[in-house]
Amino acid sequence: EQTKKEEIQEEKGAENAGGSATDGGIGNKQPFTLTSREYVEAMGHGWNLGNSFDGVDTDESEEDKGETEWGNPTVTRELIHAIKEQGFNSIRIPMTMFKRYTEENGKAVVDEDWLARYKEVVDWAVEEGLYVMVNIHHDSWIWLKYWDGDKEAEEYVRFVQLWEQLADYFKDEPEQVCFETINEPDFEGESDEEKQEKLDAINLAAYDVIRASGGNSAERMIVIPTMNTNHEKCDPLLKLIQDLDDTHIIATVHYYGEWVFSANLGITGFDEAIDDDGKTARTAADSAMETVYKTFTQNDIGVVIGEYGVLGYDQGEKCNQPGEELKYYEYVNELARKYGLCLMFWDNGSGIDRVSGKYEWKKPQVGEMLWASMEGRSSYAAELDTLYFGEEAEEDVLVALTLNGNTFTEIEGLTEGEEYSYDESTATVTL
């Protein structure tokens, strides 16, 4: 496995020959000529630096602990290097602005030290050759959610002012740094139509500020979300992007799978029927990825799944059955490859260990599956991969396999013909 990993890294290095560490592997292609679809392809597989710069205590009477607010350690250069070594090509760095600015004469002024520290981490990622997504995060629900639609209101004015400072501060960053307008937008009350009008206004405000900020941002890639980053709410965003007529815009949604499977609320299996029509977590993923593909990708608009994972991840085996969780990662990555999407794994500190300094996966099988899924498909038991026996088994046990184009060779530690046999025609192991 290690040898194969090294071979793949060597191949990727050869493919990117001619490009510097700061061009994200674009090679000899001139900067800012990538279309959004090409840019998404270059972003490849991504990872979220979650619960660091986005962590915040909403109690304004409490002192701000910055990037360590939600229990993660200070971000290190070694962590960013480890992300690149794990095979990821892109990194999303969520940042919450709340409590990191002060109101001065009617203007929200961002703390200079906060911005400088954030930029330091962005630049580490750039130097590693990663594509970087700069993102305004929990402000969406802390205060922007309550905007009433009036462009004179403090929420709208503050949002514009924050982006004016962000866009100016990062305007000279290279092409591989892109800006995401807002995370998981939502708005209070009113009809869906009125909420969408607010989101369109917010997205356009950020877009206009970024494009007017000078430097490299006249052509920088801008990432724009659907309402709630929901894949079922794509059409309004498609219209907005098409009206802008700008090839340097990417659409983004999030995907955590079907709630009842993702949080294991009565549906444990990835292929277990959820309702009477036979829908499963797998077929739901089919539908979601096909929707964003047909809406955006087929219209030459790249798509980033800015966050994906399972909702029960933090609970370990107490929530999601490990083998079924792995099936989810394996298949969603296959769909992303099929439809030309960039997937960005959500990691709030439960994924890669940031504390020990080793930067290894807390769930090694998850890391192994994500790595394997960057290059191809994996095999697994068609049903649950764990069998329980209340007493000694008196009959043979059959385990059907889903090979996904691979070939069964052996079971390590067991002797074929004595402890198990394999039927190639049915891809079934008999214990």
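The values are calculated or read from the model by the stated rules, or taken from the named source; none is laboratory data. The model shown is predicted, which means the values in this text are computed figures rather than measured ones. FYI the Cβ positions are ideal-geometry reconstructions off the backbone, even for glycines, and counts take in every protein chain you see. Surface accessibility is based on the protein's heavy atoms, side chains included, excluding ligands, DNA and RNA. Shrake-Rupley method; radii C 1.70, N 1.55, O 1.52, S 1.80 Å.
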Margin query: With the crude spin-label approximation of a point 7 Å out along Cα→Cβ, what separation in nm comes out for S425 versus S356?
Written below: 4.8 nm
Margin query: Nothing charged except the Cβ atoms of Lys and Arg (+1) and of Asp and Glu (-1): what's the magnitude of the dipole of the chain about its Cα centre? Round to the nearest 20 debye.
Written below: 1360 debye
Note to self: Need the list of lysines near K198 for cross-linking: C-alpha distance under 23 angstrom, and skip anything on the same chain fewer than eight residues off.
What the structure shows: K107, K145, K151, K233, K239
Next item on the list: Taking H placed 1.01 Å from N in the peptide plane, check which residues at least 5 places from E190 or on another chain put their amide H under 5 Å from its amide H.
Entry: none
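Over segment 172-322, with every protein chain in place, what whole percent of the accessible area is carbon and sulfur at 1.4 Å, could you tell me?
On the way: 2670 of 6050 Å².
C and S fraction of accessible area: 44 percent.
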Note to self: Taking the Cα centroid of segment 83-139 and of segment 142-211, what is the distance between the two, rounded to the nearest whole Å?
What the structure shows: 16 Å
Next item on the list: Return the label of the correct value of P(r) over Cα pairs in 10 Å bins from 0, in percent, as calculated from the structure shown, out of [x] 4, 20, 30, 25, 13, 5, 2, 0, 0; [y] 4, 14, 18, 21, 24, 14, 4, 1, 0; [z] 4, 16, 23, 20, 14, 10, 7, 4, 2, 0, 0.
Entry: [x]
Notebook entry, point to check: If each of T268 and D150 carries a label point 7 Å out from its Cα toward its Cβ, how far apart are those two points in nm?
Noted result: 5.5 nm
Margin query: As a test of the formula, what do you get for the chain when each DSSP H run with n ≥ 4 contributes -39,500 (n - 2.57) and the sum is divided by the residue count, at 222 nm and rounded to the nearest 500 deg cm²/dmol?
Written below: -10500 deg cm²/dmol
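Let me know the shape class of segment 121-269, please: from the alpha-carbon gyration tensor, a ≥ b ≥ c as square roots of the eigenvalues, rounded when a/c is under 1.5, otherwise prolate if a/b is greater than b/c, or oblate.
Oblate, since a/c reaches 1.5 and b/c is not below a/b.
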Next item on the list: Please say if segment 146-195 is rounded, prolate or oblate, where rounded means a/c under 1.5 for a ≥ b ≥ c the square roots of the C-alpha gyration tensor eigenvalues, and otherwise the choice is prolate for a/b larger than b/c and oblate otherwise?
Entry: oblate
Margin query: Ordering D200, D243 by accessible area with a probe of 1.4 Å, largest first, what comes out?
Written below: D243, D200
Item checked: Cβ-based net charge around S217, under 10 Å, with every Lys or Arg adding one and every Asp or Glu removing one -> -1
Next item on the list: Any chance you could check the Cα centroid distance between segment 317-365 and segment 219-295 for me, in angstrom?
Entry: 18 Å
Checklist line | Normalised contact order of segment 338-431, rounded percent, pairs of Cα under 8 Å and 6 or more residues apart | finding: 20 percent
Check: Leaving out same-chain residues fewer than 8 places away, which lysines sit with a Cα under 17 Å from that of K363?
Finding: K318, K327
Checklist line | segment 245-384 shape via C-alpha gyration tensor axes, a/c threshold 1.5 | finding: oblate
Check: Tally Lys and Arg at +1 and Asp and Glu at -1 over the other residues with C-beta under 12 Å from the C-beta of N404: what net charge comes out?
Finding: 0
Next item on the list: For segment 172-267, calculate the relative contact order in percent as a whole number, restricting contacts to Cα pairs under 8 Å that are 6 or more residues apart.
Entry: 29 percent
Next item on the list: Identify the GluC sites (Glu not before Pro) of segment 182-246 meeting these criteria: DSSP loop state and at most 16 other C-beta atoms within 10 Å of the C-beta.
Entry: E188, E190, E219, E232
Check: So what is the relative contact order of the chain, in percent, for Cα pairs below 8 Å that sit 6 or more residues apart?
Finding: 15 percent
